[in-house]
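Quick notes on the structure that follows.
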Amino acid sequence: MFILASDSGPMQSLNLPPYEFRIRNKGQSKEIFDCVRRKFVALTPEEWVRQHFVRFLSEELGYPLSLMTLEKGLEVNQMRKRTDLVVHNRSGQPWMIVECKAPTVVLTSEALYQASMYHETLSSTYLTVTNGLKHFCCEFIDGSFHFLNELPPYPTT
């Protein structure tokens, strides 16, 4: 049986528009349908934020779902890591890295540092960190990050 959850559903309300999600019970836990990976995944507070942010980027800002990857493995300082969300440009190159945290996690410089380590490997133009309540986006220009007031529009070319 599926539950169509909108707004906060089984989780905390976020500082993002409300969306409807397909959620199902799996034993003692819940799963949410991921429209990028096209499968149900464990519904954790971090996943709740990630799924909202994917929908926000796609539905509000026009970022193509087909150019997003979630939980992609990479190597950082000889350690295996996973990016939460990477948006690619139309050439397939990483354009924005999004690091998602649970709403209860306070966004500190440590979260931005984690995303910047992924940037060193992927060389994206933008870094975004969100806990669903607060969102920070930086642009990488001339070797340093510059905070932006809002998320950039997706490039048309």
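The values are calculated or read from the model by the stated rules, or taken from the named source; none is laboratory data. Keep in mind it's a predicted model, so treat the numbers as computed, not measured. Glycine gets a Cβ as well: all are built from the backbone with ideal geometry, and neighbour counts include every protein chain shown. Note: areas computed on protein heavy atoms with side chains; ligands, DNA, RNA excluded. Shrake-Rupley method; radii C 1.70, N 1.55, O 1.52, S 1.80 Å.
A count restricted to the stretch 119-138 and to residues that are open to solvent by less than 20 Å² (accessible area, probe 1.4 Å), within 21 Å of Gly92 (Cα to Cα) and either modelled with pLDDT of 90 or more or of a type in the set (Ser, Thr, Tyr) (or both) stands at 5. In this structure, does Ala111 turn out to be under 26 Å from Trp48 (Cβ atoms), in a helix (DSSP H, G or I) and open to solvent by less than 30 Å² (accessible area, probe 1.4 Å)? In short, yes.
Could you check the stretch 33-57 and list, in sequence order, the residues that are touching a helix residue (DSSP H, G or I) at 6+ places or on another chain (Cβ under 8 Å) and within 21 Å of Tyr118 (Cβ to Cβ)? Steps first, please.
So in the stretch 33-57, the residues touching a helix residue (DSSP H, G or I) at 6+ places or on another chain (Cβ under 8 Å) come out as 34-36, 41, 54.
Those that are touching a helix residue (DSSP H, G or I) at 6+ places or on another chain (Cβ under 8 Å) and within 21 Å of Tyr118 (Cβ to Cβ): Asp34, Val36, Val41, Val54.
Considering each residue of the stretch 139-151 in turn, at least one proves to be among the aliphatic types (A, V, I, L, M), without any contact (Cβ under 8 Å) to a residue 24 or more places away in the chain, surrounded by fewer than 16 Cβ atoms within 10 Å (Cβ to Cβ) and under 19 Å from Leu16 (Cβ atoms).
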